[in-house]
Structures are given as structure tokens and as C-alpha cells.
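The values are calculated or read from the model by the stated rules, or taken from the named source; none is laboratory data. This one's a predicted model, so the numbers in the text were calculated from it and none came from an experiment. For neighbour counting, all protein chains shown are included, and Cβ atoms are generated from backbone atoms with ideal geometry for every residue, glycine included. What goes into the accessible areas is simple: the full protein's heavy atoms, side chains included, and nothing from ligands, DNA or RNA. Shrake-Rupley method; radii C 1.70, N 1.55, O 1.52, S 1.80 Å.
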Amino acid sequence: MLNVKFHVLPNGKIIGFSVLGHCGYEESGKDIVCAAVSSVVYMVINTFTDILNIEVKNLFIEEGRLEFILNENDEIQARTLLEGLKLHLVGLEEMYPKNIQINYVEV
């Protein structure tokens, strides 16, 4: 199962996320759920770093684990993009509850 954790401030604003594990929907290379999550996560990261040029506090990527955290004083564009990511991943969780689990961690 793929575990997604959104890192939120006490006021509920998302400042980052982590993704751990594998979806297990299908074998590697054929897993459409994993492909959907990977695609949207990398799109969000690339938008922050290469399009919006927003400074990232923490970015860690290795096989089966990814963590992305912004500084608390990020721009409003950053929060909007993270809310869009959450909406997309919650939709995938609803469609594939055996493969994706979403939690929230207050930081």
C-alpha cells in the first residue's frame, strides 16, 4: 500500500507531503495507480522548483520514498497547488482504497 502524509500547520495549511511504499495494484511497470500518483507528484514538485522558483525546505527522493516540504512562509500559489494535489490524491484513494492511504500530520 502507498502511504501519503500531508504535512499541515496548526491552521490547516499544507506545507508539504511524503509518499512511502508502493501501490501494489499491479506488477512494477504496469501499475496504473502508482503511475498516476508518481505523475502528479512530480508535476507538483517540478512546478514549484522550475516554474514558480519557490525555495524548497526539504526534498528527498529515493526508491519507494519521497518527501517534499516548503518553508512556512511560502507563497499563496504554493498552497493552492498543494490543495490541488490533495484533491487529486484523495480522489485516487477513493477509487483505490486498498492501494492508497492518506493521512495528515501536524507540524
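Observations on the structure shown:
- The modelled label-to-label distance between residue 43 and residue 76, using points 7 Å beyond Cα along the C-beta direction, is 2.3 nm.
- Seen from residue 99, the other residues with C-beta closer than 9 Å to its C-beta sum to a net charge of -1, counting Lys and Arg as +1 and Asp and Glu as -1.
- DSSP beta bridges in the chain [antiparallel fraction, %, rounded to 5]: 70
- For the residues 76, 54, 14, a GNM of the chain with alpha-carbon springs under 10 Å puts the largest fluctuation on 76.
- Ligands, DNA and RNA left out, the 1.4 Å accessible surface of the chain is 52% carbon and sulfur atoms.
- Along the range 51-67 the Karplus relation, 6.51 cos²θ - 1.76 cosθ + 1.60 evaluated at θ = phi - 60°, assigns HN-Hα couplings of 9, 8, 6, 8, 5, 9, 6, 8, 9, 10, 9, 8, 3, x, 8, 9, 9 Hz to successive residues, with x for each Gly and Pro.
- Degrees separating the helix 32-46 axis from the principal Cα axis of the chain, which is the longest one: 20
- The tail of the calculated P(r) for the chain, taken as Cα-Cα distances beyond 19 Å, holds 40 percent of the pairs.
- Per residue solvent-accessible surface (Å²) - the chain, probe of 1.4 Å: 58
- In degrees, nearest ten, helix 76-95 long axis to first principal axis of the chain (Cα): 20
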